[in-house]
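Comments concern the structure below.
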Ligand code: G1P
Ligand code: ZN
């Protein structure tokens, strides 16, 4: 058994996107594809870590969402890590760790960083997607400087250093050895559960279940299952069967583990039945996203963030109040209204959880959220699906009110931000890029123009200056903002693996409580028409409408 030096050739296109490197499984299974990327990452981390410190002699956390190729990738990464100076790897048993759990383990164990194997909500299985993402010592996604350094090096890499030891037993808890490196196989749930126990009043939640409060959590055959089961059914006494689709499967059992009302239709159907549970929720592939559903009532993620902000003091972990809040630019401004009333700083960042990291680390914000079913807090540096579920359970326990009544009361107090996202999937890349380019070119002529009852007051391509480190991120989405606060936003997805996806975000504010009960799509139809008029989406794409509207 020895460390081998093996020649290799660079692969084009190993540039991490919104959330790590995501490609088809068939790309990852090419000889040396994964090896090259991991070798590069280890080289970059060894050259100098985020704080100038190198990885050599340090601890890495490793785990994934259990999708196809997860177990194989774990063995490869262990052999590379052992050959590149890593002293210890904390590996989730079976190669399993949810994204928020990786973050929690990095932070609690003060690891150097961690590797997450996931393509989040993208489909799994041999024909599906795989992904790999690096999280730094704060537990959060690597910054762009690091991912760009990794990408640059993938283009010149010539050598792999890898051990030729046999595979380790990743299903056996405890210590094993590869070369000089220790592999510590850990319980994937324990560290995460310890964090939840501190934030939430578990006795209150136990009492709710004892009194017969009924919950349905759909883990969509993805990695959230073991976590939800251990905490809800194991620790809090929810009846067996509260968590459904709870076994992580390599192809997610054919489900699309991207929790929205379209993909989680089975949950929505259950929540509409006469015998519906009191509360429903779903998580995505790596359990960092959440969808919250009441009886016959779906909560939009933007509203969820606003309500969490308004009621945070009811939760033990936030009883002293929040430092501030942040939302991604396309997320609705519902939370801004709450922050204003509460006198809280409120930040608007580009899409992607990594932009929240500095604000959280600097103690500027406590809660963050995105319209894409992501909510989280300073307890880790990732969005966190089960945390959001426990938060909403706690809100219902503390107030004795249903999801619907909490949201409706919120709208009465703060007004309602009607909100939708239209996805145009599978567009040819050149068509999508031309659409964005032409839009960008048209921006200067738009302000002042009248669209029906609205006047356009701002048209720009969102640029963000990080208030902590001063770094600037440009071209983060085209915004059209109107005199009544309505917004139309265009951006291209950075997480897809096939063609391009155009995301169109529409939002308008309704203060009048008599007008807060309209169906969402008709309520935003005028703005959809404006988007069509300005961007010519259907003509350019040949699509009559979006593939998904949530
Ligand atoms: C999508 C979401 C974004 C989220 C990211 C990772 O990215 O829109 O909010 O942070 O997935 O979960 P996009 O495909 O839009 O680049
Ligand atoms: Zn995810």
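All of the numbers you see were taken from the coordinates with simple rules; none came from a lab. Computed from a predicted model, the values in this text were never measured in an experiment. As a convention, Cβ positions derive from the backbone with ideal geometry for all residues, glycine included, and neighbour counts pool all protein chains shown.
Key figures
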| quantity | calculated |
| --- | --- |
| Span from the the range 438-471 Cα centroid across to the the range 364-391 one, whole angstrom | 28 Å |
| The range 136-208-the range 274-328 distance, computed between alpha-carbon centres (Å) | 26 Å |
| Nearest 10 degrees, 0 to 90: helix 429-442 Cα axis against the chain principal axis | 50 degrees |
| Using alpha-carbon coordinates, inclination of helix 99-108 to the longest axis of the chain, degrees | 60 degrees |
| Estimated distance in nm for a label pair at residue 177 and residue 517, the labels positioned 7 Å out from Cα along Cα-to-Cβ | 7.1 nm |
| Förster-model FRET efficiency, 56 Å R0, residue 442 and residue 75, C-beta, rounded to 0.05 | 0.65 |
| Relative exposure of 469, 423, judged by other C-beta atoms within 10 Å (fewest first) | 469, 423 |
| Approximate spin-label separation residue 127-residue 272, in nm, with each point projected 7 Å along Cα-to-Cβ | 2.9 nm |
| Cα long-axis angle, helix 144-154 against the chain (0 to 90 degrees, to the nearest 10) | 50 degrees |
| Likely footprinting exposure, 303, 127, 512, 288, fewest C-beta neighbours within 10 Å first | 512, 127, 303, 288 |
| The range 1-143, Cα convex hull volume normalised per residue, Å³ | 110 Å³ |
| FRET efficiency, 1/(1 + (r/R0)^6) with R0 51 Å, evaluated for residue 543 and residue 56 via beta carbons | 0.50 |
| If the convex hull is drawn through the Cα atoms of the range 326-446, its volume per residue in Å³ | 165 Å³ |
| Relative exposure of 329, 196, 543, judged by other C-beta atoms within 10 Å (fewest first) | 543, 329, 196 |
| Size descriptor, Kirkwood hydrodynamic radius, that averages inverse alpha-carbon separations across the chain, Å | 24.0 Å |
| Near-label residues of the range 105-119 by backbone N, under 19 Å of a point 7 Å along Cα→Cβ of residue 197 | 105-110 |
| Among 81-91, 247-257, the order from most to least packed when residues are scored by Cβ within 10 Å on average | 81-91, 247-257 |
| Net length gained if the chain between residue 251 and residue 433 were fully extended (0.36 nm per residue, minus Cα distance) | 62.4 nm |
| Cα-derived Rg over Rh, computed across the range 465-550 with Rh taken as Kirkwood radius | 1.03 |
| Computed [θ] at 222 nm, deg cm²/dmol, the chain (DSSP H ≥ 4; -39,500 (n - 2.57); rounded to nearest 500) | -9000 deg cm²/dmol |
